[in-house]
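*Asks:* Can you keep this structure in mind? I'll have questions shortly.
The values are calculated or read from the model by the stated rules, or taken from the named source; none is laboratory data. Treat the numbers as computed from the prediction; the structure is a model and nothing was measured. Backbone-built Cβ (ideal geometry, glycine too); neighbour counts: all protein chains shown.
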Amino acid sequence: MLRSYTGADALTIANAACGTIAIFLCLDYLATGRSRHLWVAFLLLPAALVADALDGYVARLHPGRRSVLGADLDSLADIISFGVAPAVLGYTLGLRGGWDMLCVTYFVVCGVSRLARFNVTADALADESTGKVKYFEGTPIPTSIVIVAILAAAFYLGRVGDALWFGVLEIASADLRPLSLLYVASGSAMISATLRIPKP
């Protein structure tokens, strides 16, 4: 299988590896409290974004060498690095109430749904002359890097756990930190059928 990978696929695998290691480092932080490891996790997600951008660039440089696995690999890598990893970061920093976990889970499910929809509709959305998709339906999942940046700022300022911005609300015996609603907004924007963003 490895022999069938193209250069673009190798970058996609690097994207997935960055997201996976970031998740492991979050778990390490929860077990040991080593903040240095959590900072590495924060840095790995922008690195995943760079790999994600470069894989498309490399694929366009070699249009004759098309990867059979490319589109699916890209979606699977993206859900790890821009779906699950930001969700785990949120949990690590204190989004652990019942409502928080529901909000963060909604975000991941929206990410999975958005990527599946893109894979199914990509051919229909592609320009006939170039074969390139003209626009995204809903925001692309890598936009979750904005959530990662907000969480990094919260961690830097020591706003973790119950001290996360905007405090904690108790609703029906479960906690909701209003910051977790950012995940709901991001997930909803990803699955929007009316929001169309030109694809670079």
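*Asks:* Inspect region 130-144 for any residue being at pLDDT below 90, within 17 Å of the chain's Cα centre (by Cα) and not hydrophobic (A, V, I, L, M, F, W, C) and give the result as yes or no.
*Replies:* yes
*Asks:* Can you work out which of the residues in region 12-42 that are of a type in the set (A, V, I, L, M, F, W, C) and more than 18 Å from Ala149 (Cα to Cα) is surrounded by the fewest Cβ atoms within 10 Å (Cβ to Cβ)?
*Replies:* Checked region 12-42; the qualifying residue surrounded by the fewest Cβ atoms within 10 Å (Cβ to Cβ) is Ala31.
*Asks:* Follow-up question, since we're still on this one. If the Cβ limit is 8 Å and pairs must be 6+ apart or interchain, which residue in region 134-158 that is on the phi > 0 side of the Ramachandran plot pairs with which residue that is crowded, with 19+ Cβ neighbours inside 10 Å?
*Replies:* Listed pairs, sorted by first residue: Gly138/Arg114; Gly138/Met190.
*Asks:* Follow-up. Considering only residues that are at pLDDT below 95 and among the acidic types (Asp, Glu), which ones fall in region 39-80?
*Replies:* Across region 39-80, the qualifying residues are Asp52, Asp55, Asp72, Asp74.
*Asks:* Is it fair to say Ala172 is under 25 Å from Leu43 (Cβ atoms), among the hydrophobic types (A, V, I, L, M, F, W, C) and surrounded by fewer than 18 Cβ atoms within 10 Å (Cβ to Cβ)?
*Replies:* no
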